[in-house]
Each structure stands twice: as structure tokens, then as C-alpha cells.
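Notes follow the structure.
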Amino acid sequence: RTDGGKGLGSIVMQTSKDGVNIGEEIEVLNIKDILAHPTSEGLEDCKFESNNFFYNPYTNKFMLWTHFERASDYSLARLAVAYGSPGEKWTYGGSFRPLGYEARDKNIFMDDDGSAYIITATNMNSDIAIFKLNEDWTDVVELTALMNKGKHREAPCITKIDGIYYMFTSGTAGWYPTRTMYNSATSVAGPWSELRFIGNTSNFSSQSNYISTLRGNSENYYLNAYRW
């Protein structure tokens, strides 16, 4: 929620037992929590974009990884992280450039071995970087791959099917949709294939966002896209 300000005001959680009837809002993080962290000094108006809310079953924590910027521009190019147990207020873990790299459009990929990765546009959106997270998924520990160099791709998302990793991305065209392209590899670290086109010429007037499957039906994969 913006809470009437120029940028982020708070993050709220709502719960449901049936996916239809939604409970009252519970505030889990607010701007005061963020400003109390030394990495946010002087950033009373900041914004979160490319938000990934997900559950870590190994730590019983809800996680937020996000693209962190001033409300007015895109010069910071940082990641930010927050996390907390179900029903509790969250801890804000700060914002930073992972291992010194710029980070803008981003996504999370959780592999079937329990490891997790952040995929992000970097180097002024000219390249894609893949960073491995630590065991509790609260910090970046290594640069796993730097790929699609000079290709100007963004809005990355990865899925894994029959041992093959597929990464989908959009072109860096501002708010205008572009045709989706994808790479494939047998390892997150690569080598990754060259880019290939997929879908129609405008990706149905949207940008790639993340891939999901219906529970109990792992043979159907769905693109959950941004539409601006």
C-alpha cells in the first residue's frame, strides 16, 4: 500500500481458507521498518517493484524479494529482502546491489534440490544475471551466471521441465510489449542456449512475469504476465 505517500507505505497480509473469502488486512512491514535499516537512510520515499512473495518450507518463513528504488527514479538498482513466520511481523533485511551488480527487473527460481536463485536484469538492463541465495534464502552468496550479454532483456522467469531449465524474457522497450524469447540449459549455471522467439509478436500485449502450474496437474504450465 502507498498509504497516501509518494512511494511505499506498508506491506499487508490477508489470509483465506478457501481462496475466495479473504480476511482482514494485517500489516507485516511498513516504511518505518525500512527507514530504520542503515541501507535505507534518506529514502523516505522508496518503491518496491517486481515483487516476489513466496514461502520457504525449509525455514517456515514467508519471503519477499523485490527491486528497490527511489520513488522518483531508477538510479539505485538494488534488491531488497524481508521475511517472517506465518502470522508474525516481518524482518526487513535491507537493500543492496548483489555483489556490486545493478539489479532491476527480477524474479525468483526455486530448484527441486532446495536451492533458490534470483534472476535479474543488470548492467543498465543490457545483461541477465543469476545469483544463488544462501540456505535460508535471505542473502546472495554467488554469481551463478551472467548471460544474454548485450541483448537488453528484462522481466526474466525460469521454469524446469524434465531436467531442462527454460528462461523467458521480454525486450527492454519501456512500457511497450515485445515478443517473448527464451533460452534453455541443463544447468542453472549454463551454458545457456541462444535466444529463441516464442509466442505472438506482442506476447499478448504483456511482459513475462512468472511460470506456474495448477496444483495436481504438473503437465500444464502457465505464463502469469504483467500487463501495464
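The values are calculated or read from the model by the stated rules, or taken from the named source; none is laboratory data. Owing to the predicted nature of the structure, the values given are computational and were not obtained by experimental measurement. As a convention, Cβ positions derive from the backbone with ideal geometry for all residues, glycine included, and neighbour counts pool all protein chains shown. Side chains included, ligands, DNA and RNA excluded: accessible areas come from the protein's heavy atoms. Shrake-Rupley method; radii C 1.70, N 1.55, O 1.52, S 1.80 Å.
Considering only the range 97-109, I want to know if a residue exists there that is closer than 23 Å to A145 by Cβ and β-branched (V, I, T). Yes, there is a match, as at least one residue in the range 97-109 is closer than 23 Å to A145 by Cβ and β-branched (V, I, T). Whether a residue is more than 30 Å from K32 (Cα to Cα), over 16 Å from the mean Cα position of the chain (by Cα), open to solvent by 50 Å² or more (accessible area, probe 1.4 Å) and not β-branched (V, I, T) was assessed, and L99 does not pass this test. In this structure, L223 does satisfy being open to solvent by 40 Å² or more (accessible area, probe 1.4 Å) and touching a residue at least 24 places away in the same chain (Cβ under 8 Å). Counting only residues that are among the β-branched types (V, I, T) and over 16 Å from A121 (Cα atoms), the range 156-177 holds 3 of them.
How many residues does the range 35-72 contain that are assigned to a loop (DSSP other than H, G, I, E, B) and under 20 Å from the mean Cα position of the chain (by Cα)? Count: 5. When A145, A155 are checked against the criterion of being part of a strand (DSSP E or B), over 15 Å from T172 (Cα atoms), open to solvent by less than 60 Å² (accessible area, probe 1.4 Å) and not β-branched (V, I, T), A145 stands alone in meeting it. Look at (1) without any contact (Cβ under 8 Å) to a residue 40 or more places away in the chain; (2) part of a loop (DSSP other than H, G, I, E, B); (3) under 23 Å from T169 (Cβ atoms) and you find that D112 fails only one, number (1). Out of the residues in the range 177-198 that are at pLDDT 95 or above and charged (D, E, K, R), state the one that is least open to solvent (accessible area, probe 1.4 Å). Here the residue is R196.
Once the range 76-88 is narrowed to residues that are at pLDDT 95 or above and in a loop (DSSP other than H, G, I, E, B), the residue that is least open to solvent (accessible area, probe 1.4 Å) is A77. Could you check, for the range 25-34, whether at least one of its residues is surrounded by fewer than 21 Cβ atoms within 10 Å (Cβ to Cβ) and assigned to a loop (DSSP other than H, G, I, E, B)? Within the range 25-34, one or more residues are surrounded by fewer than 21 Cβ atoms within 10 Å (Cβ to Cβ) and assigned to a loop (DSSP other than H, G, I, E, B).
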